[in-house]
Amino acid sequence: MENKNLKWIYLLILSFVWGSSYILIKKALIGLSPLQVGSLRTIISTVLLLAIGYSSLKSIPRDKWKWILITGLVSFIPPFLFAYAQTEIDSALAAILNSLTPLATLLIGVGFYRFKIDSKQISGVIIGLIGSVLLMYQGSVINPDQNLLYVFFIIFASVLYAVQVNLLKVHLQDVSAVAITVGNFIFIFPLAVVIFLMSDYKQIDINDEDVKVALFCLLILSIIGTVFAKILFNKFVQIASPVFASSVTYTLPIVALFWGLIDGEVFTLNQFFATVIILIGVYLANKKSKL
């Protein structure tokens, strides 16, 4: 299948998987602390990745290991930021705010790597961002009790994701997606273990129903939302432009809102119109890509 068609399939799969991650984080936080959710997610994912992809590490050129380390460290922080943010804001709003990633990707790519972005791509990013802001505004209207100061955790995470996307595109374009993912997690695994040991882990009661549900959600999040999605995303970056690859953060809020609706959250007509604006932005961001 041509890369032109394949990248749209990757976009749809990642949108569903990562869009579902926010509700899983929300449920995991019922029985576990943010530090435990973030660290256990990394620990479980590392064990799974080593089991399925350890041999791929041999394919990483020696001069690429420093970039494996850097991209791993950059990707280590966002899961904790999302976990802390979702102690105060709902899962759908967290997903919506993450749609800032393509704009950050564009600015970093143009400012630091002199990527060429045409007018249609710029328009797509801006339109998609407008749709995301409208969704965020509607979310705040529906639930005015949310502490919106926690949105800065999501904004910071979005910037880190944008940095990672550009680094992957520039420095690890020719390295196996599986090898990149396994290498990333090998470096951040010790940090995750240390954080978990600092998180009052002895207070976790595995016989408690909330903890059981939290661990189950965390297992699904690690297997599908981290291991599978990370490998797929690294491959996605290699066949698409950084801006288009990061535009998955435009479509995943739609999935997150769907799960939020099932979980009792409200979905308004204005939010529907905002999602249409987002999809238009994604389409324009892919037009006549130079990368």
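The values are calculated or read from the model by the stated rules, or taken from the named source; none is laboratory data. Everything quoted here is computed from the prediction, not taken from an experiment. Here the Cβ is made from the backbone with ideal geometry for all residues, glycine too, and neighbour counts use every protein chain on show.
For this structure, a couple of remarks:
- The single residue among VAL151, VAL175 that is under 20 Å from PRO102 (Cα atoms) and out of contact with any Phe, Trp or Tyr (no Cβ under 8 Å at 6 or more places or on another chain) turns out to be VAL151.
- Of the residues examined, LYS120 is not one that is of a type in the set (D, E, K, R), assigned to a helix (DSSP H, G or I) and within 29 Å of THR46 (Cβ to Cβ).
- Checking VAL213 against (1) in a helix (DSSP H, G or I); (2) among the β-branched types (Val, Ile, Thr); (3) within 21 Å of ILE52 (Cβ to Cβ); (4) at pLDDT 90 or above, the condition it does not meet: (3)
- Residues that are crowded, with 18+ Cβ neighbours inside 10 Å, under 18 Å from the mean Cα position of the chain (by Cα), within 21 Å of VAL211 (Cα to Cα) and not aromatic (Phe, Trp, Tyr) are absent from the range 53-73 altogether.
- Residues of the range 193-210 that turn out to be out of contact with any Leu (no Cβ under 8 Å at 6 or more places or on another chain) and either in a helix (DSSP H, G or I) or of a type in the set (A, V, I, L, M) (or both), as a count: 8
- The single residue among LEU103, LEU81 that is under 23 Å from SER247 (Cβ atoms), surrounded by fewer than 24 Cβ atoms within 10 Å (Cβ to Cβ), touching a helix residue (DSSP H, G or I) at 6+ places or on another chain (Cβ under 8 Å) and modelled with pLDDT under 80 turns out to be LEU103.
- Checking LEU232 against (1) outside any helix (DSSP H, G or I); (2) closer than 30 Å to ALA51 by Cα, the condition it does not meet: (1)
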